[in-house]
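Below is one structure, written out as structure tokens, with a few remarks after it.
The values are calculated or read from the model by the stated rules, or taken from the named source; none is laboratory data. None of these values were measured; they are calculated from a predicted model. Because the Cβ atoms are built from the backbone with ideal geometry, glycine has one as well, and the counts that use them run over all protein chains shown. Ligands, DNA and RNA are excluded from the accessible area calculation, which covers all protein heavy atoms including side chains. Shrake-Rupley method; radii C 1.70, N 1.55, O 1.52, S 1.80 Å.
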Amino acid sequence: MRVRIASVLIVLAGCGSAADPGGAPGEPLAGVTDGELGRFLLGRAVFERIATPEEGLGPLFNADRCSACHDQPAPGGTGSLLVVKATAFDGTACSLLEDEGGDNVQQRATPALAAHGVTVEPIPPSATTTARVTAPPLFGLGLVEAIPDATLLERADPEDRDGDGVSGRAPLLADGRVARFGRKGETATLVGFIDTALRFELGLTTPDNRREERPGSAPLPPGVDPMPEPEIDEDGVALLGDFTRFLAPPAPAAERDARGERVFQDAGCAACHTPELRTGPSESKALDRVAVRAYSDFLLHDLGPELASVCGLRAAPSEWRTAPLWGLRHRGSYLHDGRATDLAAAIEAHGGEAESSRQRWRALSEADRNALLAFLRSL
């Protein structure tokens, strides 16, 4: 999928300028320069562009364009497509089963691969757990990337030294960076996050990862991969990075329930769903020392057996990175697998470090419960 800038310029006709802070879903951050806005628009065109097998799609894949998974309520949002994950956990360490095809089990194949009898990737035989997970929304992730590691590390309390029952820890890469992206804390940068999605969801090799995904442990049959590696070039990856980097977080509702916000704090929800962090210095004015009202500390927390699922290299089955709550009013399902179709059910599923908050929720009066839910629906 070579990026040809001229081929996507036509998509830009009629696009507006940068939105005010917290604009409509899919709008760029306020304060972007003309150059940043141009990169954002070009990146959006690549994001929505359909890849073909002749351009490198697959031969194993889940979707043929980024927006197939991230289109609700606008490009960059979440989606209804469920991705199959499979991992092995021995009680101490997690395996992503790379020798057996990896933890992302692709559900589609190109016609060339299907002609060899492979229409779906098999579940790795060593897997101890499988799950179907939804695509996370991408709104505001440039702001998240711009939060200094030190800010996140200051909030970590892996030994629960303050005794509040909340012991969030930072998922760290080998070089010490905080892996703030991914439900299990998997990558530290947007480009790394995008690279992973391109390879596993679209089956596109990248400049940093030129090896095709295989159907389990078997090699690919000859002739099923017509495009030379890498199938998307550095310009394409960079444009996708800038589209995601400059996506604004959705604005909250004009009116928010002040009583519900107090209940949110009193119930202890803000211990993990931190209302506000700040970015550090940035060469981009749009990202420079601004508030990040994501309602997340971007740390790993143990949420108990009810939410235990697949593991991650830095996370046990019951550990999850705190999901941001901004844009919550635009979602129709909740939790990593979309199992909860209303916010009350999502709250009820929280155990482990959130057990005390769940008990406070259960003890609330009906009026306070309704106020809390109204507040959440305003984000």
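Note on the chain: with charges restricted to the Cβ of Lys and Arg (+1) and Asp and Glu (-1), its dipole about the Cα centre is near 740 debye.
Hey, what's region 274-379 come to in accessible area per residue, 1.4 Å probe, Å²? Can you show the working numbers first?
Working: 4420 Å² over 106 residues.
That works out to 42 Å² per residue.
Surface calculation, 1.4 Å probe, protein heavy atoms: Trp326 sits at approximately 30 Å² accessible. In terms of the mean number of neighbouring beta-carbon atoms within 10 Å, the peptides 114-120, 42-48 order highest first as 42-48, 114-120. Taking region 57-79 and a reference point 7 angstrom along Cα→Cβ of Ser333, the backbone N atoms nearer than 11 Å belong to 79. I'm spelling it out carefully: the read-out is Rg and Dmax of the Cα atoms in Å, the candidates are (i) 20.8, 65; (ii) 22.0, 86; (iii) 22.6, 74, and one was derived from this structure. Which label? Checking each listed value against the structure points to (i). Tally up the carbon and sulfur contribution to the accessible surface of the chain as a whole percent, 1.4 Å probe, everything protein left in place. Percent of accessible area from carbon and sulfur atoms in the chain: 51.
Add -39500 (n - 2.57) for each DSSP H run of 4 or more in the chain, then divide by its residues: what number comes out at 222 nm, to the nearest 500 deg cm²/dmol?
On the way: 11 runs with 91 residues, N = 379.
Calculated from helices alone, the mean residue ellipticity at 222 nm is -6500 deg cm²/dmol.
For the chain, relative contact order (Cα pairs under 8 Å, six or more residues apart, normalised by length) works out to 21 percent. Here the extension length gained between Leu172 and Thr130 equals 12.7 nm, from 0.36 nm per residue of separation less the Cα-Cα distance.
In summary, region 152-260 shows an alpha-carbon radius of gyration equal to 1.52 times the 2.2 N^0.38 Å reference for compact globular proteins.
Tell me, Kirkwood radius of region 240-379 from alpha-carbon pair distances, in Å? This gives a value of 16.2 Å. Please work out the Cα center distance from region 275-292 to region 184-255, rounded to the nearest Å. Between the Cα centre of region 275-292 and that of region 184-255, the gap is 25 Å. You can think of it this way: the chain between Asp342 and Arg289 has 15.6 nm of extra reach, that is 0.36 nm per residue less the Cα-Cα gap.
When only C-alpha pairs under 8 Å and at least 6 residues apart count, what is the relative contact order of region 273-379, in percent? Relative contact order of region 273-379: 23 percent. With both labels modelled 7 Å from their Cα along Cα-to-Cβ, the Thr119 to Arg262 distance reads 6.0 nm.
Please state the relative contact order of region 83-180 as a whole percent: Cα pairs under 8 Å, 6+ residues apart?
Result for region 83-180 is 23 percent.
Please give the FRET efficiency for Arg210 paired with Glu366, using the beta carbon to beta carbon distance and R0 = 56 Å, rounded to the nearest 0.05. Result of the calculation: an efficiency of 0.45. Between Ala253 and Glu276, the modelled label-to-label distance comes to 2.1 nm, taking each label 7 Å out from Cα in the direction of the beta carbon.
For Val83, the solvent-accessible surface with a 1.4 Å probe is about 10 Å², rounded to the nearest 10. Per residue, the accessible area of region 151-262 comes to 46 Å², computed with a 1.4 Å probe over protein heavy atoms only.
For the chain, hydrophobic long helices are taken as DSSP H runs at least 27 Å long by C-alpha position along their axis with mean Kyte-Doolittle hydropathy of 1.6 or more; none is present.
In this label model, Ser217 and Ala30 are separated by 5.7 nm, measuring between points 7 Å along each Cα→Cβ vector. Note on Asp162 and Glu229: the extension gain reaches 19.0 nm, defined as 0.36 nm multiplied by sequence separation minus the Cα-Cα distance.
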